[in-house]
Amino acid sequence: MRTGAEERDQLRKVSGMFPSHTRGKSADTTRPMAAKKRSTAKSSTAKKSTSGKSNAGKPTAGATSAKRTPARSVAPAKVAQTSNAHPAPVVPAWHIAPDRTKAWKRLEKLAKRGTAMDLRQAFAKDRTRGRKFTFEALGMHLDYSKNLIDGEILDALFALASECGVAKHAKAMFTGEHINLTEDRAVLHVALRAPKGSTIKVGGQNVVPDVHEVLERMERFATSVRDGSWRGYTGKRIRTIVNIGIGGSDLGPVMAYEALKDFTERGLECRYISNIDGEDFYEKTRDLNPEETLFVVSSKTFTTIETMTNAQTARAWALATLKDPAAVAKHFVAVSTNAAEVSKFGIDTANMFGFWDWVGGRYSMDSAIGLSTMVAIGPENFRELLAGFRDMDEHFRTAPPKKNLPYLLALIGVWNRDFLGCETVAVLPYCQYLHRLSAYFQQLEMESNGKRVQLDGTPCRWQTSPVIWGEPGTNGQHAFYQMIHQGTSPVPCDLIAFAKPLHEIGGGDRNTASHHDILLANILAQGEALAFGKTPAEVRAEGTPEWLVPHRTFPGNRPTNTLLCEKLSPRMLGRIIALYEHKVFVQGSIWRVNSFDQWGVELGKVLAKRIIPELVGAAPKPSHDSSTQGLIARYRAWRGR
């Protein structure tokens with residue numbers, strides 16, 4: 001049986017990684033990966049440990065427990081299926097590691113100034129700061145003046161982007177080059193919103209006509225459901241759309257549905273099932289009539305275990321009432337590319353809507369994955385959503401970096417993460433319709449840039465994605481803002497709001513505040529409080545007892561961006577999402593990671609498939625570590641197995 005170290009070596013190989021290096025050790029990260037692999041092949045083999053030590057010579061948990069409990073192993077034949085067959089890619093020479101740039105070294109020196117900066121003094125010294133560090137485009141006003149930056153720091157950040165080749169990398173993306181190096185794929189979510197008649201080629205083929213062919217089929221289907229011409233098996237009109245998907249096949253559609261609820265057909269309800277937890281399926285279907293329910297099964301391969309388990313359960317649930325297997329074709333459609341499995345399930349392949357391997361799941365909400373969104377808001381509004389994405393695509397592609405919203409957000413994020421040491425970012429939308437936005441951005445950023453190795457497989461010597469989290473204001477103010485204001489770890493915040501509400505509630509005259517006025521007063525107050533805090537002298541001046549002064553002091557200097565948009569609409573939502581997509585791109589480009597793969601989700605899925613049969617049926621032979629084995633035994637005991 002392999003030791004834990006040997007097993008990790010195997011997993012590194014199959015996931016596209018290469019032998020580990022000690023963090024911080026100088027390494028030639030600009031050489032072509034193929035050359036590095038050749039030069040390290042012998043030493044890598046020699047380092048495989050049979051004595052319980054990793055490549056770095058450190059004992060591993062798997063090795064130390066090998067005598068008591070067999071170390072877990074993964075069947076080589078099964079694991080090998082996850083590896084890539086294409087040759088090791090060559091990282092472009094211009095795509096250099098950030099810490100090898102002059103700008104990075106300059107920023108390291110400037111970091112002392114940033115950490116010592118006092119925003120009160122900065123604003124007092126420069127009365128124009130609030131105007132100097134703002135930018136407006138596409139109905140979006142970004143105020144980034146309350147960050148710990150100055151003109152010299154910003155200049156160095158823009159120089160960093162230039163030296164790291166961000167513009168060249170962006171051009172490569174827009175022109176269909178295979179910038180997803182580990183999977184040898186183009187990255188073209190921008191093609192999903194390209195106007196009809198434009199040209200974006202992959203492998204010499206213009207993909208835009210294919211995009212619009214699927215889009216037009218989606219429109220015909222959505223229209224038929226909305227106008228009632230699509231009927232269920234018993235002739236009843238569809239009243240509920242249930243999207244079954246997970247990850248990007250769920251987070252984007254549910255976020256968009258909630259965000260644009262005011263634009264939906266209220267006679268049609270959309271629900272979303274993602275979790276393999278049966279309680280999710282139960283709650284989402286318990287009060288539905290199968291005769292009036294239509295399921296959208298979203299799985300590119302039609303093999304995703306969570307999605308297909310839920311889909312099969314939905315099929316059985318529907319047929320318990322409808323009886324005839326032929327009814328499946330009237331109550332299920334698919335977003336997939338696996339026609340054989342779709343047909344086997346009972347879905348008419350004429351109602352299968354495909355997408356492409358150059359669309360990553362977390363970038364797919366404007367593809368056929370957005371079918372439920374289109375049914376809910378209608379084809380015209382969906383076109384407006386796409387137009388918003390396209391607005392930001394063109395802004396990102398053509399605007400100079402210093403007047404470019406994605407660049408500004410991205411570079412400030414790099415500054416906060418790598419030079420000020422901030423570990424998290426709170427996304428705080430002051431709009432209840434956007435209550436799922438933080439969860440959506442969580443996947444977008446953390447799955448894209450939560451990487452520990454560079455494009456060439458060597459470890460990053462810098463920090464990458466922060467933890468993304470948040471809730472809508474003002475709810476969050478009564479939950480976790482205590483920590484943001486007075487905690488020991490600074491948390492940069494993105495405060496997002498709209499100047500015009502969709503519904504004006506309250507108010508009634510110029511001197512009476514509406515709900516929206518009060519909401520906006522709160523977001524502005526939070527930005528001000530986080531930046532400037534409250535000094536001990538100010539607290540004492542209120543007559544506060546001396547012993548209580550430290551408790552009521554606010555240190556301030558908490559960085560914030562405030563994104564004030566004109567009004568929520570499908571088009572504005574598209575702009576906001578694309579803004580963050582391109583922000584993630586710029587940061588990933590600087591950090592020199594692949595923002596478009598997600599090998600980190602694979603290992604758990606492989607092991608789960610192996611554990612499933614061990615939880616049912618006959619008691620399994622011990623094959624895991626003592627902790628996992630004990631948990632399996634306890635689960636089986638409580639389940640009476």
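The values are calculated or read from the model by the stated rules, or taken from the named source; none is laboratory data. Not measured: the values here are computed from a predicted model. All Cβ positions, glycine included, derive from the backbone under ideal geometry; neighbour counts span all protein chains shown. When the accessible area is computed, the model is the full protein with side chains, heavy atoms only, and any ligands, DNA or RNA have been set aside. Shrake-Rupley method; radii C 1.70, N 1.55, O 1.52, S 1.80 Å.
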Residue that is in contact with a Gly (Cβ under 7 Å, 6 or more places away or on another chain), polar (S, T, N, Q) and without any contact (Cβ under 8 Å) to a residue 40 or more places away in the chain, where the choices are 448, 438, 364: 438
Helices (runs of 4 or more DSSP H) enclosed by segment 468-548 - at least 2 residues per element that are among the aliphatic types (A, V, I, L, M) and in contact with a strand residue (DSSP E or B) (Cβ under 7 Å, 6 or more places away or on another chain): 515-532
Residue in segment 551-565 that is surrounded by 22 or more Cβ atoms within 10 Å (Cβ to Cβ) and either of a type in the set (Phe, Trp, Tyr) or at pLDDT below 95 (or both) present: no
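Would it be correct to say that residue 399 is small (Gly, Ala, Ser), farther than 21 Å from residue 251 by Cβ and surrounded by fewer than 19 Cβ atoms within 10 Å (Cβ to Cβ)?
Values: small (Gly, Ala, Ser): yes; farther than 21 Å from residue 251 by Cβ: yes; surrounded by fewer than 19 Cβ atoms within 10 Å (Cβ to Cβ): yes.
Here the answer is yes, as residue 399 does meet what is asked.
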Residue within segment 312-320 that is open to solvent by 10 Å² or more (accessible area, probe 1.4 Å), more than 22 Å from residue 280 (Cβ to Cβ) and either in contact with a helix residue (DSSP H, G or I) (Cβ under 6 Å, 6 or more places away or on another chain) or at pLDDT 95 or above (or both) present: no
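Yes/no per residue for (1) at pLDDT below 95; (2) farther than 28 Å from residue 156 by Cβ; (3) polar (S, T, N, Q); (4) not in a helix (DSSP H, G or I):
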position: 380; (1), (2), (3), (4): no, yes, no, no
position: 383; (1), (2), (3), (4): no, yes, no, no
position: 396; (1), (2), (3), (4): no, no, no, no
position: 409; (1), (2), (3), (4): no, no, no, no
position: 412; (1), (2), (3), (4): no, no, no, no
position: 415; (1), (2), (3), (4): no, no, no, no
position: 426; (1), (2), (3), (4): no, no, no, yes
position: 439; (1), (2), (3), (4): no, yes, no, no
position: 447; (1), (2), (3), (4): no, yes, no, no
Residue list for segment 187-200, filter: in contact (Cβ under 8 Å) with a residue 12 or more places away in the chain and under 16 Å from residue 397 (Cβ atoms): 187, 188, 189, 190, 191, 192, 193, 194, 195, 200
Helices (runs of 4 or more DSSP H) within segment 89-149 that include 2 or more residues open to solvent by less than 40 Å² (accessible area, probe 1.4 Å) and among the hydrophobic types (A, V, I, L, M, F, W, C): 102-116, 119-125
Any hit, segment 512-533, residues being surrounded by 12 or more Cβ atoms within 10 Å (Cβ to Cβ) and acidic (Asp, Glu): yes
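Could you list all residues from segment 513-554 that are within 16 Å of residue 497 (Cβ to Cβ) and of a type in the set (A, V, I, L, M, F, W, C)?
If the condition is that a residue be within 16 Å of residue 497 (Cβ to Cβ) and of a type in the set (A, V, I, L, M, F, W, C), then 513, 518, 519, 520, 521, 523, 524, 525, 529, 530 are the ones that fit.
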Candidates 334, 329, 376, 368, filtered to the one that is touching an Asp or Glu at 6+ places or on another chain (Cβ under 7 Å), open to solvent by less than 10 Å² (accessible area, probe 1.4 Å), under 25 Å from residue 216 (Cβ atoms) and not aromatic (Phe, Trp, Tyr): 376
Residues that are touching a strand residue (DSSP E or B) at 6+ places or on another chain (Cβ under 6 Å) and over 22 Å from residue 593 (Cα atoms), drawn from segment 173-213: 199
Test: residue in segment 572-581 that is part of a helix (DSSP H, G or I), of a type in the set (Gly, Ala, Ser), closer than 24 Å to residue 441 by Cβ and open to solvent by less than 50 Å² (accessible area, probe 1.4 Å): yes
The lone exception for residue 631 - which of (1) open to solvent by less than 40 Å² (accessible area, probe 1.4 Å); (2) in a helix (DSSP H, G or I) it fails: (1)
